[in-house]
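Structure record follows, encoded as structure tokens.
The values are calculated or read from the model by the stated rules, or taken from the named source; none is laboratory data. Worth saying up front: this structure is predicted, and the values here are computed from it rather than measured. Here Cβ is always computed from backbone atoms with ideal geometry, including for glycine, and neighbour counts include all displayed protein chains. The protein model used for the area step is the full one, side chains on, heavy atoms only, and it has no ligands, DNA or RNA in it. Shrake-Rupley method; radii C 1.70, N 1.55, O 1.52, S 1.80 Å.
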Amino acid sequence: MSAHLKPFDHDELLKLDGDVPILRSVPYGIQHILAMFVANLAPIMIIAGVAGLGDAETGGMIQAAMLIAGIGTLIQLFPIGRLGSGLPIVMGISFTFVTVMTGVVATYGMGAAAGAIIVGGCIEGVLGLFAQCWRQIITPIVAAVVVTSIGFSLLSVGATSFGGGSGAADFGSLRNLALGTISLVACLAFQCLVKGKQKHLSVLFGLVVGYIVAIPMGVVDFSAFQNVKLFAAPAIMPFTPEFDLGAIISVTLIFLVSATETLGDTTALAQAGLGRNVNDRELPAPLPPTVSCPRCPAASAACPSRRSRRTSAWLP
């Protein structure tokens, strides 16, 4: 057995800076990236559909969202001054904004949405610098209610994706339901049958099985890759920001909800994953680097991450 695959103390998985061999930690990282990628796609696709954007513009939004999410994640893991918590947090697109953003885009357009995101992101960033103060107002119970409510609101999103996705011509078809069922059963079987820490890779296993099965079923379409460049820099400000007061107020209110959600997520991560309460140094950090990009139809929220050498025990 090579040095990279030698046995290691699984208690290291429960430590913030646990010494986990790279070949052991990479599968957990890949699993989370794939799961997060799907969560980043759905809000953008929904809002792009409402805005009537083409494939090129939608692809550009996805590219920008993933790029900013990656930068935000690195800042969370490796803080720069007061920016970043030092906790295993992954930044991504939040479903919390979908309902409001679809209304803003339909009423005011993408320019107003971009302007509202810029203003709201700045406000939430400033709030993050004073988290020690307003955490006394937003008690753990309040944060828990907000996070739980958001979780319940996503049940419909999961059910829609299970049927084929929002706006799919074959929504609810036998093929889509069969594919979703196969992926779900694969996850559950892996979780039940595999022993040890490897069982936490059930999501990755389900994604791989589902994708492999989807290819012969004709669900996977590779034609879109024919004219795609291997590397491409995202366009800067493709939508001219417009600062409409109505749009700004609507989006800013949701940013406040997102701030509460971030506080709840960070607190839950520290308690469930690290067995301790979150400290004041870690609390303000998750808010300033909120993903707020004119190309992104929604802001980001923090969620637990599986990272090598900065890994938590909060695994599925």
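Loop-located trypsin sites (Lys or Arg not before Pro) in the range 190-237 (DSSP state not H, G, I, E or B) with no more than 13 neighbouring Cβ atoms inside 10 Å: Lys195, Lys229.
Take the Cα of Ala144, step 7 Å toward its Cβ, do the same at Phe162, and the gap between the two points is 2.7 nm. For the range 113-203, give the percent of accessible area contributed by carbon and sulfur heavy atoms, probe 1.4 Å, rounded to a whole number. After summing per-atom areas, the C and S share lands at 76 percent. In this structure, the amide hydrogen of Val90, modeled 1.01 Å from its nitrogen in the peptide plane, lies closer than 5 angstrom to those of Cys303, Ser305, counting only residues at least 5 positions away or on a different chain.
Each peptide in 117-124, 35-42 receives the mean, over its residues, of other Cβ atoms within 10 Å, and ordering these scores from highest gives 117-124, 35-42. Put a dot 7 Å past the Cα of Ser153, heading toward its Cβ, do the same for Phe243, and the two dots end up 2.7 nm apart. For the range 25-115, the per residue solvent-accessible surface stands at 37 Å², with DNA, RNA and ligands left out and a 1.4 Å probe.
Tell me, what is the FRET efficiency for Ile236 and Phe37 to the nearest 0.05, using R0 = 25 angstrom and their Cβ-Cβ distance as r?
On the way: r = 23 Å, r/R0 = 0.92.
Plugging the Cβ-Cβ distance into 1/(1 + (r/R0)^6) gives 0.60.
You can think of it this way: the chain between Leu129 and Leu188 has 17.1 nm of extra reach, that is 0.36 nm per residue less the Cα-Cα gap. Couplings for the range 182-187, taken from phi via the Karplus curve 6.51 cos²θ - 1.76 cosθ + 1.60 with θ = phi - 60°, read 4, 5, 5, 5, 4, 4 Hz in order; Gly and Pro are left as x.
Which FRET efficiency value, to the nearest 0.05, is calculated for Val208 and Asn277 with the Förster distance at 41 angstrom and r the Cβ-Cβ distance? Given R0 = 41 Å and the Cβ-Cβ separation, E is 0.65. All other residues whose Cβ lies under 9 angstrom from that of Gly111 are scored, Lys and Arg at +1 and Asp and Glu at -1, for a net of -2.
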